[in-house]
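Asks: So that we are looking at the same thing, I have put the structure below in structure tokens.
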Amino acid sequence: MVTYFQDTLFFNAPALTAPGLTTAVAVYENNYFSTCDYALVATVTNINTNVVVRLDGSIDGTNYGPLISNTITANGTYVYNITGCPMKFIRGNFLSESGGTAAVVTLSYSAR
């Protein structure tokens, strides 16, 4: 937990070798930080046909919806962002994989 004022938060999740979720991270804390701009950095290796990645957001920590969603069709690192959408929690989501099961997806995200 952050116990001092902070204006930007960064998170690096472990690599995912199958569709799944990263750990949810609190991006709002009274008097310490309140965020509404988010970036998702997705690095994909060993892709077959495509993978779908998302950054999900929640205001209650239970119900999540997509903030950012994109289909990736080639290995590489991709950056996506959204602004003006305050949330209390965010998490990365390797939503799906097509054409095989070899993809490795690493999701990093920031909140400001």
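The values are calculated or read from the model by the stated rules, or taken from the named source; none is laboratory data. Just so it is clear, the structure is predicted and the values come from calculations on it, not from any experiment. Note that each Cβ is placed from the backbone with ideal geometry, even for glycine, and that neighbours are counted across all protein chains shown.
Asks: Which pairs have Cβ atoms under 7 Å, sit 6 or more apart or on different chains, and link a residue in the stretch 94-108 that is at pLDDT 95 or above to one that is acidic (Asp, Glu)?
Replies: Final answer for the pair search is Ala103/Glu97.
Asks: I'm trying to understand the selection: among the residues of the stretch 67-76, which are exposed (fewer than 13 other Cβ atoms within 10 Å of the Cβ) and either within 20 Å of Thr8 (Cβ to Cβ) or without any contact (Cβ under 8 Å) to a residue 24 or more places away in the chain (or both)?
Replies: Result: Thr71, single match.
Asks: Which of the residues spanning the stretch 1-28 are modelled with pLDDT of 95 or more, not polar (S, T, N, Q) and not in a strand (DSSP E or B)?
Replies: Result: Ala13, Pro14, Ala15, Ala18, Pro19, Ala24.
Asks: Can you name every residue in the stretch 34-63 that is free of Cβ contacts under 8 Å to residues at least 40 places away in the same chain and within 21 Å of Thr83 (Cβ to Cβ)? Explain how you work it out, then say what you get.
Replies: Restricting attention to the stretch 34-63, the residues satisfying the condition of being free of Cβ contacts under 8 Å to residues at least 40 places away in the same chain are 56-63.
Asp56, Gly57, Ser58, Ile59, listed by residue number.
Asks: State which residue pairs qualify: first residue closer than 9 Å to Thr35 by Cα and inside the stretch 77-93, second residue modelled with pLDDT under 95 and among the aromatic types (Phe, Trp, Tyr) in any location, beta carbons under 6 Å apart, and separation of 6 or more residues or different chains.
Replies: Pairs found: Lys88/Tyr28.
Asks: Sort out which residues of the stretch 43-92 are among the acidic types (Asp, Glu) and assigned to a strand (DSSP E or B), and write them in order of number.
Replies: Asp56
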